[in-house]
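Visitor: Here it is: the structure, laid out below.
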Amino acid sequence: MKNTLKNAAAVVALSATAFGAQAGTLEDVKARGELNCVVTTGVAGFGAPDDSGKWAGFDVDFCRAVAAAVLGDGEKVNFVPTTGKTRFTVLNSGEGDILFRNTTETMSRDADLKMTFLPVNYYDGQGFMIPSALGVTSAKDLDGASICIQTGTTTELNLADYFRTNGISYEPVPVETNAEAQTNYLGGRCDVFTTDASGLASTRASFEKPGEHIILPEIISKEPLGGAVRHGDDQWADIGKWVVNAIIAAEELGVTQDNIEEMGKAAGDNPSVNRLLGTEGDFGSMIGLDAKWAYRAIAAGGNYGEIFDRNIGPDTAIGLERGLNAQWKDGGILYAAPIR
Amino acid sequence: MNNATNESPPKYELGAHPDLPPPFATSGPIKWIRENLLSSPTNIVLTVLAVFFLYKIIPGLASWVFLDATFDAASRNECRELGSGACWGFIKHRWELFTYGFYPVDQRWRVILAFLLFVFVVVVLLWENCPFRKTLRWFAIGFPFVAFWLIVGGLGLESVPTDKFGGFMLTLIIGITGIALSLPLGILLALGRQSNLPIIKYACIGFIEFIRGVPLITLLFVASTMLSYFLPPRVEFDLLLRVLIMVTLFASAYMAEVIRGGLQAVPKGQTEAADAMGLKYWQSMRLIVLPQALKISIPGIVNTFIGLYKDSTLVIVIGMFDPLGIAQATLADTSWQGPSTEVYLFVAVFFFISCFLMAKYSLYLENKLHTGHKR
């Protein structure tokens, strides 16, 4: 009996090592003909199925860009919807190839959960929303306020840190989901609603009278959101990393969905654009793809600015400003590493 | 009568006097009201309170649900411009998503056909007076295979991966498969648990107690993610299949205990009588014990069915979009996001209708099989 158990354990351990050492996600994806992209089960603006069941959103467009770069077609994506709890397990178990699920990059997730994070595609931070009738203009005036907070999130910990640092007290009203938080907040069961600033803006936009609520200027945490792949396949991580970089760089270089066909025809005057679009040098082969990898990624959904504006920008229902997510030349901190 | 104005009452022969109508207050609606609503001071107070409560609720509810509601809007903001009540526009724009999930549009006729066949089979199996029932019952045996072929595809039909399933269709697939398989499995487990053979007995006890000791959500999670750690790389094992297996096993463990309760209620004399008749084990079970045990267990069995059916909403945690998952995704769509009761109400109505039908049928079955064992 003991021996049987030992043997069974050995088999499990063996298959686990075999799995851990497995590389070649790129080959798997190519053989499958479809990219398994881990997304959310629904976050407004970042990823959700639309009325016809087609996935749309900011993160979803990055999935499509990766699929276009690898497989040549942005539609060859199989979306694997996950909750906040299951996302890393699904990626680590091999059910997903790449993750774009507004996920904050942290040290423990990187080292302990064995994620390799791709460049940040959205800089977020935790903020506060409060009815403007209360006349509060700064988070420091929130002493004694009751605050709706989602349990089990980093926002809960950030909140405790912030109030302790500033020596003020608050009364937490724990809620389970974002929808529940909105109901409680609108019902007056808490004075303040806190979550990531992008979430606050989109929540406020969905209210009947958005003008009656203000978002306080303080941002109390750093939430760099980005894609991720699992540890152990550096080539695949490089593909994810450089697709994101290429999309950000395309905006900086003025390459858009409209003009990319023109610009990609032949080498032009700008060597950076030429390298990006594969008309000069052969950077694609370094990551196991062909020279037109970035061309296809950008053609699939546009550059960073186009993806942003289409899904979460000022003209959408979400109505987010670029803020930190502007290019470094425009006062933001988006700073794509050069392709050379 | 021509002498109706005459003072003297009409004469009748002895014994031919017609019955007088009962006094006004002891028949009809008045009687019903007096007996049911106003029979004691406590009941009078409760009735008044209930009427007051309804008076307060109904006008507001009716105007919110119907009168002030918007049925045609393309987004929540449009709803707000059109009316102050509920916003039902999402049904018109998303009912296909709610029904089929991500099933390819041009293949949806297959789902409809499978559903019609299912309705047909249910009618044949559940309605005893159905014409040609004996012949048609054979069709029911083939139904699972036909339905599987229609929905999943292959053999001439375009195959549809199961992760494209969703909505009401997914709930029905999980519910029907789980219900159909967990009953026979549960019976076998219940019998196994009472077996004289120690290996069978302890295997069954171990299985039942293990499954009952673990939440369904854990089993689903194991099925969806942990399993691929143990399987060799590149062995793909369909997610929906894993979910169906887990849900069935889970329900069958509960079913086994429900049926064991029924088995224990059958007097030992029945088995002994069957033995005395020279019936073999399976004969005595099939002809004597199980018919009685199952009849007693009907409420418990249907309870487990309904529980299983509603538990299927848990598949959202492993990223499958049942109607509740679609509801949540709807609230995350930029057109429909916002504080919303309507979406959840819509899903609740669907579940209520299906569960209510199951409960009604179980009541009908109980009455039909009523042979004096009920109290």
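The values are calculated or read from the model by the stated rules, or taken from the named source; none is laboratory data. None of the values given here were measured: they were computed from a predicted structure. Glycine also receives a Cβ, built like all others from the backbone with ideal geometry; neighbour counts cover every protein chain displayed. Keep in mind that these areas ignore ligands, DNA and RNA; they rest on the heavy atoms of the full protein, side chains included. Shrake-Rupley method; radii C 1.70, N 1.55, O 1.52, S 1.80 Å.
Visitor: Pairs, please: C-beta under 9 Å, at least 6 apart or cross-chain, first residue more than 18 Å from A:Asp124 (Cα to Cα) and in the range A:326-340, second open to solvent by 20 Å² or more (accessible area, probe 1.4 Å) and basic (Lys, Arg)?
Guide: A:Ala337/A:Lys241; A:Pro338/A:Arg275; A:Ile339/A:Arg275; A:Arg340/A:Arg275
Visitor: Right, another one. Before we move on, is A:Gly125 surrounded by fewer than 22 Cβ atoms within 10 Å (Cβ to Cβ) and within 14 Å of chain B (Cβ to nearest Cβ)?
Guide: Spelling it out, it is not the case that A:Gly125 is surrounded by fewer than 22 Cβ atoms within 10 Å (Cβ to Cβ) and within 14 Å of chain B (Cβ to nearest Cβ).
Visitor: Only one of these is modelled with pLDDT under 95 and within 14 Å of chain A (Cβ to nearest Cβ): B:Val243, B:Val214, B:Val247. Name it.
Guide: B:Val243
Visitor: Considering every residue within the range A:270-279, establish whether at least one is on the phi > 0 side of the Ramachandran plot and either surrounded by 16 or more Cβ atoms within 10 Å (Cβ to Cβ) or charged (D, E, K, R) (or both).
Guide: Checked the range A:270-279: at least one residue is on the phi > 0 side of the Ramachandran plot and either surrounded by 16 or more Cβ atoms within 10 Å (Cβ to Cβ) or charged (D, E, K, R) (or both).
Visitor: Kindly indicate the residue of the range B:69-117 that is without any contact (Cβ under 8 Å) to a residue 40 or more places away in the chain and over 26 Å from A:Ala44 (Cβ atoms) and also farthest from the chain's Cα centre (by Cα) among those meeting that condition.
Guide: B:Asp106
Visitor: If we only count helices (runs of 4 or more DSSP H) wholly inside the range B:258-375, which ones have 2 or more residues that are away from chain A (no Cβ under 14 Å) and under 27 Å from the mean Cα position of the chain (by Cα)?
Guide: Per the criteria, B:290-311, B:342-368.
Visitor: Would it be correct to say that B:Val152 is buried (at least 16 other Cβ atoms within 10 Å of the Cβ) and either free of Cβ contacts under 8 Å to residues at least 12 places away in the same chain or in contact with a strand residue (DSSP E or B) (Cβ under 7 Å, 6 or more places away or on another chain) (or both)?
Guide: In short, yes.
Residue-by-condition table, conditions (1) buried (at least 18 other Cβ atoms within 10 Å of the Cβ); (2) within 14 Å of chain A (Cβ to nearest Cβ); (3) of a type in the set (Val, Ile, Thr); (4) within 30 Å of A:Val29 (Cβ to Cβ):
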{"position": "B:Pro144", "(1), (2), (3), (4)": "no, no, no, no"}
{"position": "B:Asp163", "(1), (2), (3), (4)": "yes, yes, no, yes"}
{"position": "B:Gly186", "(1), (2), (3), (4)": "yes, no, no, no"}
{"position": "B:Tyr229", "(1), (2), (3), (4)": "no, yes, no, yes"}
{"position": "B:Ala251", "(1), (2), (3), (4)": "yes, no, no, no"}
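Visitor: Also, I was wondering about something else. Has the range B:122-140 got any residue that is within 18 Å of B:Thr171 (Cα to Cα) and either more than 13 Å from chain A (Cβ to nearest Cβ) or surrounded by 15 or more Cβ atoms within 10 Å (Cβ to Cβ) (or both)?
Guide: So far as the range B:122-140 goes, yes, one or more of its residues are within 18 Å of B:Thr171 (Cα to Cα) and either more than 13 Å from chain A (Cβ to nearest Cβ) or surrounded by 15 or more Cβ atoms within 10 Å (Cβ to Cβ) (or both).
Visitor: Among the residues of the range A:301-325, which ones are among the hydrophobic types (A, V, I, L, M, F, W, C) and either at pLDDT 95 or above or on the phi > 0 side of the Ramachandran plot (or both)?
Guide: A:Ile307, A:Phe308
Visitor: Please find, within the range B:286-304, the residue that is most open to solvent (accessible area, probe 1.4 Å) out of those that are over 16 Å from B:Tyr364 (Cα atoms) and in contact (Cβ under 8 Å) with a residue 12 or more places away in the chain.
Guide: Ranking the qualifying residues of the range B:286-304, first place goes to B:Leu287.
Visitor: A further question follows. If only one of B:Ile179, B:Ile91 is in the same structural domain as B:Tyr254 (by TED's automatic domain parsing) and either of a type in the set (A, V, I, L, M, F, W, C) or surrounded by fewer than 17 Cβ atoms within 10 Å (Cβ to Cβ) (or both), which one is it?
Guide: Exactly one of B:Ile179, B:Ile91 is in the same structural domain as B:Tyr254 (by TED's automatic domain parsing) and either of a type in the set (A, V, I, L, M, F, W, C) or surrounded by fewer than 17 Cβ atoms within 10 Å (Cβ to Cβ) (or both), namely B:Ile179.
Visitor: Let me confirm something: among A:Ala300, A:Ala317, A:Ala291, which residue is more than 19 Å from A:Ala197 (Cβ to Cβ), in contact (Cβ under 8 Å) with a residue 40 or more places away in the chain and not basic (Lys, Arg)?
Guide: Among A:Ala300, A:Ala317, A:Ala291, only A:Ala300 is more than 19 Å from A:Ala197 (Cβ to Cβ), in contact (Cβ under 8 Å) with a residue 40 or more places away in the chain and not basic (Lys, Arg).
Visitor: Can I ask one more? Need pairs with beta-carbon distance below 7 Å; first residue assigned to a helix (DSSP H, G or I) and within the range B:124-140, second hydroxyl-bearing (Ser, Thr, Tyr); sequence gap 6+ or separate chains.
Guide: B:Leu126/B:Tyr361
Visitor: Ok, one more. Output the residues belonging to the range B:206-257 that are within 25 Å of the chain's Cα centre (by Cα), more than 15 Å from B:Leu314 (Cα to Cα) and polar (S, T, N, Q).
Guide: Matches in the range B:206-257: B:Ser252 only.
Visitor: If you go through the range A:24-40, how many residues are open to solvent by 20 Å² or more (accessible area, probe 1.4 Å) and of a type outside the set (A, V, I, L, M)?
Guide: Result for the range A:24-40: 6.
Visitor: Oh, and also: List the residue pairs whose Cβ atoms are under 6 Å apart, where the first residue sits in the range A:213-232 and is without any contact (Cβ under 8 Å) to a residue 12 or more places away in the chain, the second is surrounded by fewer than 22 Cβ atoms within 10 Å (Cβ to Cβ), and the two are 6 or more positions apart or on different chains.
Guide: Correct list of pairs: empty, since none qualify.
Visitor: Those residues that are surrounded by 15 or more Cβ atoms within 10 Å (Cβ to Cβ), part of a loop (DSSP other than H, G, I, E, B) and aliphatic (A, V, I, L, M), I need them from the range A:303-333; list them, please.
Guide: Correct list: A:Ile312, A:Ala317, A:Ile318, A:Leu320, A:Ala326.
Visitor: Could I ask something else about it? Scan the range B:59-77 residue by residue and report those that are in a helix (DSSP H, G or I) and modelled with pLDDT of 85 or more.
Guide: Across the range B:59-77, the qualifying residues are B:Pro59, B:Gly60, B:Leu61, B:Ala62, B:Ser63, B:Trp64, B:Val65, B:Phe66, B:Leu67.
Visitor: Moving on to the next point. Scan the range B:70-80 residue by residue and report those that are more than 11 Å from chain A (Cβ to nearest Cβ) and either under 17 Å from A:Ser206 (Cβ atoms) or buried (at least 20 other Cβ atoms within 10 Å of the Cβ) (or both).
Guide: B:Thr70, B:Ala73, B:Glu78
Visitor: Here is a list of conditions, (1) open to solvent by 70 Å² or more (accessible area, probe 1.4 Å); (2) modelled with pLDDT under 80, and B:Val51 meets all of them except one; can you say which number that is?
Guide: For B:Val51, the failing item is (2).
Visitor: Between A:Ala336, A:Ala250, which is in a loop (DSSP other than H, G, I, E, B), out of contact with any Ser or Thr (no Cβ under 7 Å at 6 or more places or on another chain) and either crowded, with 18+ Cβ neighbours inside 10 Å or among the polar types (S, T, N, Q) (or both)?
Guide: A:Ala336
Visitor: Which one of the conditions (1) more than 21 Å from the chain's Cα centre (by Cα); (2) farther than 24 Å from A:Leu324 by Cβ does A:Glu95 fail to meet, given that it meets all the rest?
Guide: Unmet condition: (1).
Visitor: Then there is this: Could you check how many residues of the range B:228-255 are within 22 Å of B:Ile173 (Cα to Cα) and part of a helix (DSSP H, G or I)?
Guide: Counting residues in the range B:228-255 that are within 22 Å of B:Ile173 (Cα to Cα) and part of a helix (DSSP H, G or I) gives 17.
Visitor: Right, something else. When the residues of the range A:186-216 are narrowed to those that are crowded, with 19+ Cβ neighbours inside 10 Å and of a type in the set (Gly, Ala, Ser), which ends up modelled with the highest pLDDT?
Guide: The selected residue is A:Ala197.
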